[in-house]
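First up is the structure itself, then whatever we jot down about it.
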Amino acid sequence: MSKITIDPITRLEGHGKIEIFLNQDGSVDNVYFQVPELRGFEKFCEGRPVEELPTIVTKICGVCPGCHHMASGKAVDAVFGVEPTPTAKKIRELFYMAHFIHSHIAHFYALAAPDFVVGPTSNPSERNILGVIAKVGLEIGGEVIKQRRIAQEIQAMIGGHQTQVIMNIPGGVKKGITEEQRDDLVKKAEGFIHFSKFSIQLFKDVVLGNKDYVDIILNGPYSLKLHSMGLVDSNNKVNFYDGKVRVVDLEGKELYKYSPNEYTEFVEERVEPWSYLKFPYLKKIGWKGFVEGQDSGVYQATPLSRLNAADGMATPIAQQEYDAMFATLGGKPVHATLAMHWARLIELIYSAEHCLELSQDPDITGKDLRAPLTKIIGEGVGIVEAQRGTLTHHYWTDDKGMVKKVNLIVGTTNNNAAICMSLKKAAQGLIQKGIPATEGTLNMIEMAFRAYDPCFSCATHSLPGQMRMIVNFRDKDGNVLKTIKRG
Amino acid sequence: MKQIQQTEKSILIVGIGNDILTDDGIGPRLVNDLNKGRLPEGIIFRQAFLGGMELLDLIKDFDEVIFIDALKTGLNKPGTVHLFIPQDFEETLHLSNIHDIDFLTALELGKRTGMRLPFKIRIIAIEIIEDRVFSTDFSPQIRKCYPKILRKVQESIEMMLSEQQICSTSGILN
């Protein structure tokens, strides 16, 4: 048996490794996706006042610090048995829309668009964001930087810092929004809507206008039939900050809908000896292995899953785009992995529209920023949608609110099994018997991975030039036959 | 080492890292200590958590920038101080552009879109050994040699600011 190693995965924040094992005839036997372990977070939290955690958890991940801050803030609210005031909740949500906007813009233009705008097997030296702006124009490149920066500035203004966020306190937020800031937010939100509409049109023109791409999305080795998970509001519309977790099956039928504090009844985590990362699955179905289908316990929690799990979007333009996507792709639910990019852009529009709604809300400049604390429950769960999946924080404290135990199920962890399965399916479909894998082939395998926007990042800074890719071809005894280095 | 009293240029020193991941926080810690030291007034000190495109907005409009970051190769003694200039990475510029929005790609993106970026960029990287364990303390090895690291980094920055031509190099600390 031969082995191909892709390490680290390109355009992944953090570090990861894909191991592809080949049979004697060169076909793919199995694929393993591995990430390194970070140790000691629970111990690090133990004994600290629970209200410190929303600030500490922003340092778990430099890519989605705002998501951890929100999930943590909600878990801490639950520990104290308090609901934030209406104004505080809206300020949190406004911050969160800006967090989604900056992240989704970065993913589409920097990580997804190179494969489509430049081409999945194009010259690797051009298959990057510079290649994208070379195609779509420098003006668009400048706009990407500008809109992303504005979203970061909003987060810094509301959250105290764009990455090391400090806004959430039990029952509310530390500071409010002034009328002057509101006027500025409205203008910026209108800019987001304009840019998000442009972005989805670009996707339609470039991707949907290319028959080959549509064929890859719908008929390539990129489909995976699994259950879909996402947070929904009281009308079963997509919601990133609040609501209940809804799971639908392969036909779109609701399997479960539960409150955050019930998650342990519905989700369980499995340990595999070859992976530090756990594999969550639907507890009531049980673990049936890395298999697709109605009887599988494996689920996905991605932008596409969120749209599958909901009945629609809560804002008008996003709803139009939601209807258009499902109409184009053959109805709900959609199981085409690469359609996650489309779903992400629909979420970008929703975030921009909701950012405007919240900015115009009379409550947003309210002065009632914090509900009084009267008790300590001693246990709390907070669930939000991170950009890359449902994010759960679960805390236990003593009667003084000091942390005793912490459990997190982060967005990407939900998709761990699905990512492994998507990679295997792509590798089996793309690596042909007796034909050496080319750089383009490896990139197309990675496209199955990148669609999830996975993040295993806890120390996300990287030295310039450090990112690299190494592919080792090994014989059955593990001897390296050939090495390809990129970067 | 001659002490530099003041500077006319806008100079930024950025420490990058995660201060709750053991040695990973050495960049921010060094910047914090350098800010209390003998470097010229007027230098802006900042801490950052992220690299890549995130840094563009941080460094734009400065004349010079010095990054201080951790490095983990396992090839050098813990505490080894490396000095780099971006040109060291030109050789791999196009390759690294393939895969990620790494710092050099971000710089190129900034240039192409008309941002005013620093005309001098230097990188100080410190060899560390532990960045996978949550802790606000350094590993024993880094803790022991931290005063030497701080001194070496301060001297390196003074050398950089005195307009000497800097080539990539590394200094092994004993």
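No lab work stands behind these numbers, since they all come straight from the coordinates. From a predicted model like this one, the values you see are computed outputs, not experimental measurements. Cβ sites come from the backbone with ideal geometry, for glycine too, and all protein chains shown count toward neighbours.
Using only the alpha-carbon atoms, how far is helix A:416-430 inclined from the longest principal axis of chain A? Give it as 0 to 90 degrees, nearest 10.
30
How crowded by other chains is A:158-165, given as the mean number of beta carbons from other chains within 10 Å of each beta carbon? Spell out each step's value before the answer.
Details: counts 0, 0, 0, 1, 4, 4, 4, 0.
The shielding value for this peptide is 2.
If we count every other residue with Cβ under 10 angstrom of A:Ile364's Cβ, Lys/Arg +1 and Asp/Glu -1, where does the sum land? Numbers along the way, then the final one.
On the way: positive: A:Lys90, A:Arg182; negative: A:Glu93, A:Glu179, A:Glu357, A:Asp361, A:Asp363.
In short, -3.
Looking at the protein assembly as shown, what % of its DSSP beta bridges pair antiparallel, to the nearest 5?
Counting DSSP beta bridges with both partners in the protein assembly as shown, the antiparallel share is about 70 percent.
Given charges of +1 on the Cβ of Lys and Arg and -1 on the Cβ of Asp and Glu, with all other atoms neutral, how large is the dipole of chain A about its Cα centre, in debye to the nearest 20?
Working: 55 positive and 56 negative charges, 182 e Å.
For chain A, the charge dipole is close to 880 debye.
For helix A:65-79, report the angle its Cα long axis makes with the longest principal axis of the Cα atoms of chain A; keep it between 0 and 90° and round to the nearest 10°.
50
Partner chain Cβ atoms within 10 Å, averaged over the residues of A:110-121 - can you pull that number for me?
Details: counts 7, 2, 0, 0, 3, 0, 0, 0, 0, 0, 0, 0.
If you average over the peptide's residues, the count of other-chain Cβ atoms is 1.
As a test of the definition: which semi-axes, in Å, follow for chain A when you take the square root of five times each eigenvalue of its alpha carbon gyration tensor? Largest first, please. Display every interim value, and only then the final one.
Working: eigenvalues 253, 139, 91 Å².
Largest first, chain A gives 36, 26, 21 Å.
According to the Kirkwood expression over distinct Cα-Cα pairs, how big is the hydrodynamic radius of region A:166-233, in Å? Let's see the in-between values first.
On the way: mean 1/r = 0.0596 Å⁻¹.
For region A:166-233, the Kirkwood estimate is 16.8 Å.
Report, in listed order, any pair from A:Lys283/A:Lys404; A:Lys237/A:Lys375; A:Lys244/A:Lys332; A:Lys74/A:Lys278; A:Lys400/B:Lys144; A:Lys204/A:Lys244 with a Cα-Cα distance greater than 30 Å.
Values: A:Lys283/A:Lys404 25 Å; A:Lys237/A:Lys375 33 Å; A:Lys244/A:Lys332 20 Å; A:Lys74/A:Lys278 23 Å; A:Lys400/B:Lys144 37 Å; A:Lys204/A:Lys244 32 Å.
Over 30 Å Cα-Cα: A:Lys237/A:Lys375; A:Lys400/B:Lys144; A:Lys204/A:Lys244.
What's the ranking of A:323-330, A:156-163, B:16-23 by average number of surrounding C-beta atoms within 10 Å, highest first?
On the way: A:323-330: 15.0, A:156-163: 20.8, B:16-23: 24.8.
Per-residue Cβ counts within 10 Å, averaged per peptide and sorted highest first, yield B:16-23, A:156-163, A:323-330.
Taking the 0 to 90 degree range and rounding to the nearest ten, how far is the long axis of helix A:86-106 tilted relative to the main principal axis of chain A, both from C-alpha atoms?
The answer is roughly 20 degrees.
Within a 10 angstrom radius of each residue's Cβ in B:15-25, how many Cβ atoms of other chains show up on average? Whole number is fine.
On the way: counts 1, 6, 2, 9, 2, 9, 8, 3, 0, 4, 2.
That works out to 4 on average.
What ranking, highest mean first, results for peptides A:436-446, A:300-310, A:97-107 when packing means the other Cβ atoms within 10 Å averaged over each residue?
On the way: A:436-446: 19.8, A:300-310: 29.0, A:97-107: 26.4.
Per-residue Cβ counts within 10 Å, averaged per peptide and sorted highest first, yield A:300-310, A:97-107, A:436-446.
For all pairs of alpha-carbon atoms in region B:11-171, what percent lies in each bin of width 10 Å, listed from the first bin to the last filled one?
All Cα pairs, binned at 10 Å, distribute as 10, 40, 37, 12, 0 percent.
At 1.002 mPa s and 20 °C, plugging the Kirkwood radius over alpha-carbon pairs of region A:91-214 into Stokes-Einstein gives what diffusion coefficient in µm²/s?
Numbers: Rh = 15.9 Å.
D = 134 µm²/s.
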